Amino acid sequence: MYAIKKWDINPDLLKIYALVAMTIDHMAEYWAIPGAVYERMFIGRTAFPIFAFLLMYHLHKYQIYEKYVNRLLFFGIISLFVIFPFTQEYKLNILFTFLFPVLTLWGFEQIRQEKMNRIIGSIFSGMIVLFMAFFSIFSSYSVFGYGYLLLFYLYFTRSSWWGTILLLIFGYLINWNDNVIFGFMSMLTTLLLLNVNMSQTYPRLLKKWWIFYVYFPLHLLFILSIRYFLG
């Protein structure tokens, strides 16, 4: 049996594409462009899987839980103040969708370092999952997004056939309630990401870590301001 050759691609190129796809998705959503459902279907729905893939890969590789928590929480709160005045949406933004799985994994790491009794550690781990899964209900992509991110982390730490199947299922579920085709598009994106080679070293194209975090509230502010002034 021949192994499938994975694609060599600079992760920063993936991130740049995801930023563009996210922008197109939000423009189509908030500007209500006629026919834009197709842009959201084939471009916009690919952004979240890519961000999830890259976040969980770097978290697995560098184990910098506290830095990610601080960044996601800080910019997530800023984004709330950007989005709410224009939309009156009470749903937490996507940065919180990323935050809850990172908090979960950070909690697991703290339990591991404390070297707790196996049973007690399992109880605390279960409580963390239930607690974070509950709060994720109020964020973008809901509990399916929470599970999707954790399954990507599992894929990087201990890849298994059943974990991969679950990941593809959750890749569908994160978008199925918006549109069935959206669900299949995000599942296809997930499948393609599983064939990306992350073992190579590439030159950095986005050298500043804060570019995505600053871009997220700024692009929303621009899009929502245009919508407001145009009525």
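The values are calculated or read from the model by the stated rules, or taken from the named source; none is laboratory data. Keep in mind that what you see is a predicted model, and the values were worked out from it rather than measured. These area figures cover heavy atoms from the full protein model, side chains too; ligands, DNA and RNA do not enter into them. Shrake-Rupley method; radii C 1.70, N 1.55, O 1.52, S 1.80 Å.
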Q | Overall Cα dimensions of the stretch 62-167, principal axis frame, Å, largest first | A | 48, 32, 25
**Q.** the chain, relative contact order [Cα under 8 Å, separation at least 6], %
**A.** 29 percent
Q) Roughly what angle does helix 11-30 make with the longest principal axis of the chain, taking Cα atoms, 0 to 90 degrees, to the nearest 10? A) 50 degrees
Q: For V196, enumerate residues with amide H under 5 Å from its amide H, sequence gap 5+ or separate chain, H modeled in the peptide plane.
A: W7
Q | Whole-number accessible area per residue in Å² for the chain, which is evaluated in the context of all protein chains at 1.4 Å | A | 57 Å²
**Q.** the chain, helix-only ellipticity at 222 nm - DSSP H runs n ≥ 4, -39,500 (n - 2.57), divided by all residues, nearest 500
**A.** -25000 deg cm²/dmol
Q. Hey, what angle do you get for helix 180-193 against the long axis of the chain, alpha-carbon based, 0 to 90 degrees rounded to 10?
A. 50 degrees
Q) Which far-off residues, 5 or more places away or on another chain, put their amide H under 5 Å from the one on S139, with H placed in the peptide plane? A) L92
Q.
Which entries of K67/K115; K115/K208; K15/K61; K61/K208; K67/K207 have Cα-Cα distances beyond 25 Å here?
A. K115/K208
Q | Angle between the chain longest axis and helix 161-176 axis [Cα atoms, degrees, rounded to 10] | A | 20 degrees
Q: Mind putting together the pair-distance distribution for the chain? All Cα pairs, 5 Å bins, whole percent per bin, short to long.
A: 1, 6, 12, 18, 20, 17, 12, 7, 4, 1, 1, 0, 0
Q: Report in % the part of the accessible area of the stretch 102-185 that belongs to carbon and sulfur, leaving out ligands and nucleic acids; probe 1.4 Å.
A: 71 percent
